[in-house]
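The values are calculated or read from the model by the stated rules, or taken from the named source; none is laboratory data. Quantities reported herein were computed from a predicted structural model and do not represent experimental measurements. Quick note on the areas: whole protein, heavy atoms, side chains included, nothing else; ligands and nucleic acids left out. Shrake-Rupley method; radii C 1.70, N 1.55, O 1.52, S 1.80 Å.
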Amino acid sequence: MPMDAGIFNLCCIILVMNILGQLRLIYIVSIKITPMEKQILIFRWHTEGVSPVIGVILMLFLTILLAGITVSSVYGGDAALSLSKAPMALIEVEYVEGGVRNYPTYVQYKENFLYLEHMVGDPLQIGSTKIIISGEGSSYEGVVPHGTRHYGEVSINYASLLFEGKKSVYASRNPDISDGAWSAGEKLILNGDDAINGSIFSTVSVDINGVPNTANHYGLKEDSMVTIKIFDKESQCIISEFECVVTPVD
């Protein structure tokens, strides 16, 4: 006959007390008395301690169990749900080409390109996919032509891959993602002139040497190394990260 909830809870309490050293449980004797079919538990204790190793293991188990219960009660399972939503995809950089507007090349922002391809894995929703590019380069502080061109450490943030908040040419370069997802076999092309010039509505933002007030255009120094990171914003997980050398524009 199964042990009812009250007896089970009593056993758990006694086990915890045993771990804490308040009781030393040796064994439990179960006696069935007919015809009432009731169970009586007879407990035996003595004053000798259990093995310290077993005590430590039981305490560790109890701590992990209580921690799990606490996390579940505080976050309501959102953490596990978030992890389950994290997409997995293999992204490759075909190549990066560009340069900066400086002697002797004078490469324009619109001549800087990054070509990426989704090789295999989950489709990435363009509204929740973010790309951050960092390395040596150039950007324009202020609104062109009224401002100052800077060179140094550049950080480029594509807050999403949506067509909104970018120049219309971005959409024409990326017909593969017009359905709202970047799927296996599809390519993505980023350009140094994708941003809406100096607009707060731009979904491309650029910092240069820590200065955020730029026109949000960018150039990448030729033959330098850039880092590209792709994030899923919903799960706050990184999908891919790689480094690539900038090929000079022909």
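Which cross-chain or sequence-distant (5 or more) residues have an amide H under 5 Å from the amide H of T203, H modelled 1.01 Å from N in plane?
For T203, the qualifying residues are K166, I196.
Given the protein chains as shown and a 1.4 Å probe, how many square angstrom of H217 are accessible, to the nearest 10?
10
Among the listed pairs K85/K110; K166/K187; K85/K221, give every one whose C-alpha distance is greater than 25 Å.
Details: K85/K110 36 Å; K166/K187 18 Å; K85/K221 36 Å.
Exceeds cut-off: K85/K110; K85/K221.
At what distance in angstrom do the alpha carbon centres of the stretch 149-209 and the stretch 106-136 lie from each other?
8
When the accessible area of the stretch 162-214 is split by element with a 1.4 Å probe, what percent falls to carbon and sulfur?
Numbers: 1370 of 2440 Å².
Carbon plus sulfur share of accessible area: 56 percent.
Name the long-range amide H neighbours of Q125: under 5 Å, sequence gap of 5 or more, or other chain; modelled H, no Pro or chain starts.
W182
Ratio of alpha-carbon Rg to the 2.2 N^0.38 Å globular estimate for the stretch 90-241, to two decimals, please. Please list the in-between numbers first.
Values: Rg = 14.7 Å, N = 152, 2.2 N^0.38 = 14.8 Å.
The value comes to 0.99.
For the stretch 238-250, in order, what is each residue's ³J(HN,Hα) by Karplus, 6.51 cos²θ - 1.76 cosθ + 1.60 with θ = phi - 60°, in whole Hz (x at glycine and Pro)?
7, 8, 8, 8, 8, 10, 8, 8, 7, 7, x, 5, 5
Would you list, by chain and number, the aspartates and glutamates whose Cα falls below 14 Å from the Cα of K167, excluding same-chain residues fewer than 8 positions away?
D193, D194
Amide H to amide H, which residues 5 or more places from R101 or on other chains are under 5 Å from it, using H placed in the peptide plane?
Residues meeting the amide H criterion: V107.
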